[in-house]
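**Student:** Input: one structure, supplied below.
Please treat every number below as a calculation from the coordinates, not as lab data. This one's a predicted model, so the numbers in the text were calculated from it and none came from an experiment. Glycine gets a Cβ as well: all are built from the backbone with ideal geometry, and neighbour counts include every protein chain shown.
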Amino acid sequence: MQPIVIARNVVKRYNELTAVNGVTFAVNQGECFGLLGPNGAGKTTTIRMVCAISPPTSGELFVDGKDVVRSGRQVRAILGVVPQGDDLDPDVSVYTNLLIHARFYGLPEPEARRRVEETLEKVRLADRRKSEVDALSGGMKRRLAIGRALLTRPALLAIDEPTLGLDPHNRHLIWDWFREVKRQGTTLLLTTNNMDEASALCDRLIIIDHGRILAEGTPQELVGTHAGTQVLEIRVTADRREMYRARFAQRGLESYEAGSALIVPMTDGTALSQELEHDGVSALRRPATLEDVFLRLTGRDINEDMR
Amino acid sequence: MVQLQLQTTPSQATATNQWAWLPSLRLALVIWRRNWHVFLKNAFTDVTGLVMEPIITLGAIGFGLGQFVGQMQDGQSYVEYVAPGIAAGYAMFNALFDSAFGFYMRMSSQRVVAHMLETPVEVQDLALGEMLWSGTRGMIACTIILTFAAALGLVASPWAVLVTPAGFLVGLAFAGIGISASAAARSMNSVTLVFTLLATPMYFFSGVFFPITSLPGFAQPLVWALPLTPGTYLIRGLMRGDVGWEHLAAALWLAVFSTVFFFLTRWLLRRRLIK
């Protein structure tokens, strides 16, 4: 089966700024594909191009075999899009928000109304159908926006930061919906900088920074390749950090800074952590996670930005 | 001009690409319906606002000032003369108000437009839907004033039933101006320029309150080019029953003006929204 999204050397420039600088990737039918990266990395721009909302400056981008620029309308007809923030209609009720959305996709009126009812139950807003959108909580708005995108049963659901700022209840509820629609064959494309979310949902990920892809793979592959099995997390004062980095480097160990911590990826950190404890330095030994991959691949630049 | 796009299969999609600039009437009407729904929800406030101002104007200017004016050249009383002008003027104000302020809000802070463009809606559907809606607002305003004028015995002819579609045409022309202004505006403040620079001067110099033959010669072709003059001329003719080919020409001019502005609107919206 051909991939549902094919991006070849896609570039997006806004005047001086190059937001996306030549990305190539493919999203397979039925998988959950994640775009991971720091703020301003180009994730949102990439997802907007895939959704035929923003035309690429150059490169090739196909969704379901259709060119996003030439067949934008046809591409969007099979998508469900949930942008960052909230673009619900504040002038109409919860119910009407869903109904108008259904009409944009040409659903016949009785079918549209049936699906609106179904969606209201699903997103647990059946008792708020007459509410104005502004009267809803952040979690309710997000549930409504996701329910709205799923109402048309899209082949590809594209969500920008699905659970940003939500409480754990809403987050888990939304993750469950994603797993459910994926079982039903929907492809998911999401951006996130929440590592739990990426690990919990994504089959494959790309890590993006400065508009370029830094790494690609399953969460396990990425952790294995870029963060090893274990990491030591060391907290020392800023003036001693460089000294320790030099010491680790002498032993062939790479280390990187994450906030005030110094992180050392390794296969077995037992000996080193004992040595550090001897120095009176507290070292936390823990399994490597996706967060370590993220920090390692994108961290240095963030530190430079902050200087 | 309008192509109905229903369900398109991929093979049709490639075939229709050369017509991709055409708006979908179906989607434009979904947008129209959304605005109609919001209008009905706020109908009391909206309609009160819609009705009060023109009625006050008609009373104060038509009956009040009219007593000092006496008769117009062709034997009409001043209030009979001014009533169709006010109908046209408020078709303009209503269409402009919605297409400038209302649409600007939907496009900027409310993000209603942003959501539409994530669905199969294209910029041209948006332009058409919003223009049809603002045209409808113009039509509603015009019809309410017509009804009121008829109740006061100021309508002389059954031709007046055509004031409703004429109001739609006036509304459509100004919708094009309003949406273009919104699309080009950098802030809500710059949208207000449409009123201070365009609508208010037009209201006073387009033959609403006095015949444009009183204007200096060089100004007359200029005011005919702007849509309120043909609009007022058309509606006045219809209310009086004094209708000729010139009135058809006025209607056609409004239609041409609206079509040109549809394309300008589409271009400006594209420039602003597709980034």
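**Student:** At a Förster radius of 41 Å, what calculated FRET efficiency corresponds to the Cβ-Cβ distance of A:Thr289 and B:Leu193, to the nearest 0.05?
**Tutor:** Details: r = 56 Å, r/R0 = 1.36.
Efficiency at R0 = 41 Å is approximately 0.15.
**Student:** What shape does the stretch A:228-288 take by its C-alpha gyration tensor, where a ≥ b ≥ c are the square roots of the eigenvalues and a/c under 1.5 counts as rounded, a/b above b/c as prolate, and the rest as oblate?
**Tutor:** rounded
**Student:** Also, quick follow-up: Can you pull the mean other chain C-beta count within 10 Å for peptide A:99-111?
**Tutor:** 4
**Student:** Rounded to the nearest Å, what's the spacing between the alpha carbon centres of the stretch A:123-154 and the stretch B:251-275? Just the number, please.
**Tutor:** 34
**Student:** What length, rounded to one decimal in nm, is gained on full extension from A:Asp279 through to A:Arg70, with 0.36 nm per residue of separation minus their alpha-carbon distance?
**Tutor:** Working: separation 209, 0.36 × 209 = 75.24 nm, distance 6.41 nm.
Taking 0.36 nm per residue and subtracting the Cα distance, the gain is 68.8 nm.
**Student:** With a Förster radius of 22 Å, plug the Cβ-Cβ distance of A:Arg129 and A:Ala200 into 1/(1 + (r/R0)^6) and report the FRET value to the nearest 0.05.
**Tutor:** Working: r = 31 Å, r/R0 = 1.39.
Working from the Cβ atoms, E equals 0.10.
**Student:** Could I have the simple spin-label model distance between B:Trp36 and A:Glu109, label points 7 Å from Cα toward Cβ, reported in nm to one decimal?
**Tutor:** Distance between the two pseudo-spin positions: 1.0 nm.
**Student:** If you take the beta carbon distance between A:Leu164 and B:Ile56 as r and set R0 to 41 Å, what does 1/(1 + (r/R0)^6) give as a FRET efficiency, to the nearest 0.05?
**Tutor:** In this case the efficiency is close to 0.20.
**Student:** Identify which of A:Asp196, A:Asp167, A:Asp67 has the largest mean-square fluctuation in a Gaussian network model of chain A, with springs joining Cα atoms closer than 10 Å.
**Tutor:** A:Asp167
**Student:** Rounded, prolate or oblate, given the Cα gyration tensor of the stretch B:136-221, with a/c below 1.5 counting as rounded?
**Tutor:** Taking the square roots of the gyration eigenvalues as a ≥ b ≥ c, the stretch B:136-221 is oblate.
**Student:** Relative contact order, percent, of chain A when contacts are C-alpha pairs under 8 Å separated by at least 6 residues?
**Tutor:** Value for chain A: 20 percent.
**Student:** Now for a separate question. Kindly rank B:38-45, B:196-203, A:124-131 from highest to lowest mean number of other beta carbons found within 10 Å of each residue.
**Tutor:** For the peptides B:38-45, B:196-203, A:124-131, the packing ranking is B:196-203, A:124-131, B:38-45.
**Student:** Here is a further query. Could you tell me which of A:Asn170, A:Asn9, A:Pro83 has its Cα farthest along the dipole of the stretch A:5-218 towards the positive end, charges placed at Cβ (Lys, Arg +1; Asp, Glu -1), taken about the Cα centre?
**Tutor:** Towards the positive end, the residue furthest out is A:Asn9.
**Student:** Now for a different question. Grab the DSSP H runs of chain A that are 4 residues or longer, score each as -39,500 (n - 2.57), total them, divide by all residues and round the 222 nm result to the nearest 500 deg cm²/dmol.
**Tutor:** So the helix-based figure for chain A works out to -12500 deg cm²/dmol.
**Student:** About its Cα centre, what dipole magnitude does chain B give when the only charges are +1 on Lys and Arg Cβ and -1 on Asp and Glu Cβ, stated in debye to the nearest 20? Show your work: numbers first, answer last.
**Tutor:** Values: 15 positive and 11 negative charges, 184 e Å.
Value, rounded to 20: 880 debye.
**Student:** How crowded by other chains is B:122-132, given as the mean number of beta carbons from other chains within 10 Å of each beta carbon?
**Tutor:** 1
**Student:** If each DSSP helix of 4+ residues adds -39,500 (n - 2.57) and the sum is divided by the residues in chain B, what number results at 222 nm, nearest 500 deg cm²/dmol?
**Tutor:** My calculation for chain B gives -21000 deg cm²/dmol from helical runs alone.
**Student:** Calculate the dipole size of chain A relative to its Cα centre from +1 charges on Lys and Arg beta carbons and -1 charges on Asp and Glu beta carbons; express the result in debye to the nearest 20. Can you show the working numbers first?
**Tutor:** Values: 40 positive and 42 negative charges, 164 e Å.
The dipole of chain A has a size of about 780 debye.
**Student:** Just to be sure I understand the model, the point goes 7 Å from the Cα along the line to the Cβ. What's the resulting A:Thr267 to A:Glu60 distance in nm?
**Tutor:** With each label point 7 Å from Cα toward Cβ, the separation is 4.2 nm.
**Student:** Might you report the magnitude of the Cβ-based charge dipole of the protein assembly as shown about its Cα centre, with Lys and Arg at +1 and Asp and Glu at -1, to the nearest 20 debye? Walk me through the numbers before you get to the answer.
**Tutor:** Values: 55 positive and 53 negative charges, 137 e Å.
That gives a dipole near 660 debye.
**Student:** Name the residues of the stretch B:246-275 whose amide N is less than 11 Å from a point 7 angstrom out from the Cα of B:Ser157 along the C-beta direction?
**Tutor:** B:246-248
**Student:** In nm, to one decimal, how far is the modelled label at B:Ala219 from the one at A:Thr24, with both set 7 Å along Cα→Cβ?
**Tutor:** Placing both labels 7 Å beyond Cα along the Cβ direction yields 6.7 nm.
**Student:** Enter the Cα centre distance for the pair the stretch A:185-217 and the stretch B:42-61, rounded to the nearest angstrom.
**Tutor:** 56
**Student:** Give the shape of the protein assembly as shown as rounded, prolate or oblate, defined through the alpha-carbon gyration tensor: a ≥ b ≥ c are the square roots of its eigenvalues, a/c under 1.5 means rounded, and otherwise the shape is prolate if a/b is larger than b/c and oblate if not.
**Tutor:** Taking the square roots of the gyration eigenvalues as a ≥ b ≥ c, the protein assembly as shown is prolate.
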